[in-house]
Each structure stands twice: as structure tokens, then as C-alpha cells.
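Accompanying notes for the structure given below.
Read-outs throughout are calculated quantities, based only on the coordinates presented, and are distinct from any laboratory measurement. Bear in mind that the values here come from a model prediction, so they are computed numbers and not experimental data. For neighbour counting, all protein chains shown are included, and Cβ atoms are generated from backbone atoms with ideal geometry for every residue, glycine included.
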Amino acid sequence: MQEYRHKVEMSVRDYECDLQGIVNNAVYQNYLEHARHELLRSEGIDFVKLHESGVDPVLIKAEIEYKFSLRSTDKFLIGTNILLDGNVRAIFKQDILFHSNHKPVLFAVMTTLFVKKGRPIRLPDEFTRIFS
């Protein structure tokens, strides 16, 4: 298993599965978002404070390559790394892996842009601090 800046363990809840008995593809985006927020929280970045200051991270691109499906009660890991793309974008590279054998469930690249009053801005100091 590769090294990640942050890892979070989760398990599938029954209501996240569709009629086929597998996790609905939209639910994976919720998992990935939760893991991104946990990474940032672990770095001392508070989304509520960012929003209150008028700054919001906005997901502008989601690339997901599905490999295998999760089913109810499956335990899994989400590994997340974060990269800067210039002065305005943060790219999250994320993998979801089965907890038991680290077999890949999906690979994702999620690109965020920071906005203030609907306009792109430079990455907030809280983010650039992560990379110094």
C-alpha cells in the first residue's frame, strides 16, 4: 500500500447500497468528501471558519476510476494525498481500498478551486502552510 498523507477507516451502511446490493456510485463521492475534510481537519483547517471568512473550496473536477464494488458492512480505507496546482487549485489524489487486503475499490483525482464571492482566489494561507 502506498503512503498517504491521511487515512480514514469506514464501513458501508445498508442504506448506501442500491437494488443490486452494491454501494451506489454517488455514495463514493460522499466517502471521498468526508476523507478530504478529515485530512484538512487533521491539518488544523476549519471549513466553518473558512466559510465564515467568505472563502469556500469548490469541487470543479472529479475523476473516478471504479475497480470493484463495496457491499453492505464492508470495511474500507480511504487514503488521501493533496497537491498544489499553481496558486488557486488543490488536487486531492484519493484511493479507496478494501480494509482486509488493500485491494483497490477506486482511484480518484478531485480538483478544488477556492472562491470568495463567487470569484477564484489564491489558495488561503492555511493551505499553503501545509506545503511549506
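Data overview
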read-out	value
Arg36 closer than 26 Å to Phe98 by Cβ and under 17 Å from the mean Cα position of the chain (by Cα)	yes
Only listed residue being assigned to a strand (DSSP E or B), more than 12 Å from the chain's Cα centre (by Cα) and not small (Gly, Ala, Ser), chosen from Phe92, Phe76, Phe68	Phe76
Qualifying residue in region 27-40 (condition: surrounded by 14 or more Cβ atoms within 10 Å (Cβ to Cβ), among the aliphatic types (A, V, I, L, M) and part of a strand (DSSP E or B))	no
Which numbered condition Thr73 fails, given (1) among the β-branched types (Val, Ile, Thr); (2) within 15 Å of Glu9 (Cα to Cα); (3) surrounded by 14 or more Cβ atoms within 10 Å (Cβ to Cβ)	(3)
Residues located in region 4-32, provided they are out of contact with any helix residue (DSSP H, G or I) (no Cβ under 9 Å at 6 or more places or on another chain), under 23 Å from Thr112 (Cα atoms) and free of Cβ contacts under 8 Å to residues at least 60 places away in the same chain	Asn25, Ala26, Gln29
Any hit, region 60-76, residues being over 13 Å from Val105 (Cα atoms) and either without any contact (Cβ under 8 Å) to a residue 40 or more places away in the chain or of a type in the set (A, V, I, L, M) (or both)	yes
Selection within region 1-26 - surrounded by fewer than 11 Cβ atoms within 10 Å (Cβ to Cβ) and either of a type in the set (S, T, N, Q) or more than 21 Å from Lys93 (Cα to Cα) (or both)	Gln2, Asp14, Tyr15, Leu19, Gln20, Gly21
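Condition check ((1) in contact with a Phe, Trp or Tyr (Cβ under 6 Å, 6 or more places away or on another chain); (2) not charged (D, E, K, R)) across all residues:
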| residue | (1), (2) |
| --- | --- |
| Ser11 | no, yes |
| Tyr15 | no, yes |
| Gln20 | no, yes |
| Glu33 | no, no |
| Arg36 | yes, no |
| Arg41 | no, no |
| Ser53 | no, yes |
| Lys61 | no, no |
| Ile64 | no, yes |
